[in-house]
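Visitor: One structure coming up, written as structure tokens, with questions to follow.
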Amino acid sequence: MGRRSARTPKDLVAGRLVEEADLPAITDVARRYAVSITPAVLDRIADPDDAVGRQFVPTPLELVEAPEESDDPIGDDPFTPVKGITHRYPDRVLLKPVHVCPVYCRFCFRREVVGPGDPMLRGAALEAALDYIRARPEVWEVIFTGGDPLVVAASKLRPILTALDAVDHVKVIRFHTRVPVVDPGRITPELIDALRMDTPVWIVVHTNHSQEIGDEAGTALARLVDAGIPLVSQTVLLKGVNDTPEALEDLFRTLIVNRVKPYYLHHGDLAKGTGHFRTTITRGQELMRSLRGRVSGMCQPTYVLDIPGGHGKVPIGPGYLSDDTTRVTDPWGEEHHYPPAPAAEESGG
């Protein structure tokens, strides 16, 4: 019999992920924030305090909140015109068909709204969300998120995708998911068949450390790529998990070998109870600078900050040019002269 998912504080104690003495505090955490660790993830945890364990095993630190932290750190709520839709940018919308995940990240920016008990978007609510997309020709891309949209059964996902495939102005469909890494058995032929349609489907795989990517995850990623579905990744910069040059280098090299292009490195959001995971922006910029000279450009994601309050993502990586753009710093810290452009000729009157 295979390993079972850990979903309750007692499961965590039984699996030796949490000490019995910490059970009351962990129970308090679990009352507020969902807990679930899949067998695939349990197999990747060597110690509760290692790079994988820290991401998924709850700790009493989650009960410590800072004044700047928020229930809605990236401002989804003001941009939610109908249930299941977030429309922050003119040319793309988020579609949230479900609010459950196979695992719950302890740093999740939607930790206040994900978890058991919120049903799948269906019936009139789903049709209203699709009608919202149909009525807005500026919507070029639909991004499935949640929750984790790939927990939806292929039979239920297919009609949603078919409806979007019929919308002429929707040119790209994107999925944000952890499933290929944390629950790779869900990447079935039936799911892949549902994802293949005329409208191009892209998948953004969330993973934060190379230790997460075992043989089963590698097989799941290969199934998707071999089916013609392009993969990129998103990673959250996390203190004690991947905030070293070596950890990021190993992760991004591992992704490229698995035919996944590193896309975003997110600065940690101001979600409640997540301060123990956040680095400074200066530290993130130092790490990105260190990667520039040591790994291929294929391995370089864009370091981004999601501005609190719903003001969007901006790149916050290090700069290499002086203010007057006549001096440029190379990846190893040496400064070089770069000639200014010739002065523009004044146009004749």
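Visitor: Can you give the extra length, in nm with one decimal, that the chain gains between H311 and A341 once fully stretched, where that is 0.36 nm per residue apart less the Cα-Cα distance?
Guide: 7.4 nm
Visitor: Please give the net charge around T177, taking every other residue with its beta carbon less than 15 angstrom from that of T177, where Lys and Arg add +1 and Asp and Glu add -1.
Guide: Summing Lys and Arg as +1 and Asp and Glu as -1 gives +3.
Visitor: On to the next question. Report the extension gain between D71 and D43 in nm, rounded to one decimal, defined as 0.36 nm multiplied by the number of residues separating them, less their alpha carbon distance.
Guide: Gain on stretching D71 to D43: 6.9 nm.
Visitor: Calculate, in whole percent, how much of the Cα-Cα pair population of segment 71-177 lies beyond 18 Å.
Guide: 45
Visitor: So if R0 is 56 Å, what FRET efficiency would D131 and M298 give, r being the distance between their Cβ atoms, rounded to the nearest 0.05?
Guide: Approximately 0.90, to the nearest 0.05.
Visitor: Follow-up. If you count, for each residue, the other Cβ atoms within 10 Å and average over each peptide, how do 15-28, 88-101 line up from highest to lowest?
Guide: Order by mean packing, descending: 88-101, 15-28.
Visitor: If you add up the charges near P60, with Lys and Arg at +1 and Asp and Glu at -1, over every other residue whose beta carbon is less than 15 angstrom from its beta carbon, what do you get?
Guide: Around P60, the charge tally is -2.
Visitor: So what is the calculated 222 nm ellipticity per residue for the chain, using -39500 (n - 2.57) for each DSSP H run with n of 4 or more, over all residues, to the nearest 500 deg cm²/dmol?
Guide: Calculated mean residue ellipticity at 222 nm is -7500 deg cm²/dmol.
Visitor: Here is a follow-up. When averaged across all projection directions, what area in nm² does the alpha-carbon convex hull of segment 1-79 cover?
Guide: Seen from a random direction, the Cα hull of segment 1-79 projects 6.8 nm² on average.
Visitor: Given the chain, what percent of its DSSP beta bridges are antiparallel, to the nearest 5?
Guide: If we restrict to bridges inside the chain, about 30 percent are antiparallel.
Visitor: Simple spin-label model, 7 Å along Cα-to-Cβ: R31 to Y320 in nm?
Guide: Inter-label distance under the simple model: 5.3 nm.
Visitor: For segment 152-212 and segment 270-349, what is the centre-to-centre distance using only Cα atoms, to the nearest Å?
Guide: Centre-to-centre distance over Cα atoms comes out at 32 Å.
Visitor: For segment 60-103 and segment 1-56, write down the distance between their C-alpha centroids in whole Å.
Guide: Segment 60-103 and segment 1-56 have Cα centres spaced 24 Å from each other.
Visitor: With the Cα gyration tensor of segment 39-124 in hand, convert its eigenvalues to equivalent ellipsoid semi-axes via √(5λ) and list them largest first in whole Å.
Guide: The three semi-axes for segment 39-124 are 28, 18, 12 Å.
Visitor: Follow-up. Which is farthest toward the positive dipole end of segment 1-96 among A25, T59, P78, measuring Cα position about the Cα centre, with Cβ charges +1 (Lys, Arg) and -1 (Asp, Glu)?
Guide: Farthest along the dipole direction, towards plus: P78.
Visitor: Please give the net charge around P245, taking every other residue with its beta carbon less than 15 angstrom from that of P245, where Lys and Arg add +1 and Asp and Glu add -1.
Guide: Surrounding charge for P245 is +1.
Visitor: Give me the one-decimal Kirkwood hydrodynamic radius in Å for segment 56-315, with the sum taken over alpha-carbon pairs.
Guide: When all Cα pairs of segment 56-315 are included, the Kirkwood radius is 19.0 Å.
Visitor: Can you tell me which of 322-330, 74-82 comes out highest on packing, and rank the rest after it, using the mean Cβ neighbours within 10 Å?
Guide: 74-82, 322-330
Visitor: Set the bar at 23 Å for Cα to Cα. Now go through K83/K239; K10/K83; K156/K261; K261/K313; K10/K239; K96/K171 and name every pair that lies beyond it.
Guide: Pairs exceeding the cut-off: K83/K239; K10/K83; K156/K261; K10/K239.
Visitor: Rounding to the nearest 20 debye, state how big the charge dipole of the chain is about its Cα centre with +1 on each Lys and Arg Cβ and -1 on each Asp and Glu Cβ.
Guide: Taking the Cα centre of the chain as origin, the dipole is about 1000 debye.
Values quoted throughout were computed directly from the atomic coordinates according to the rules given, and no laboratory measurement underlies them. Treat the numbers as computed from the prediction; the structure is a model and nothing was measured. Neighbour counts run over all protein chains shown; Cβ positions are idealised from the backbone, glycine included.
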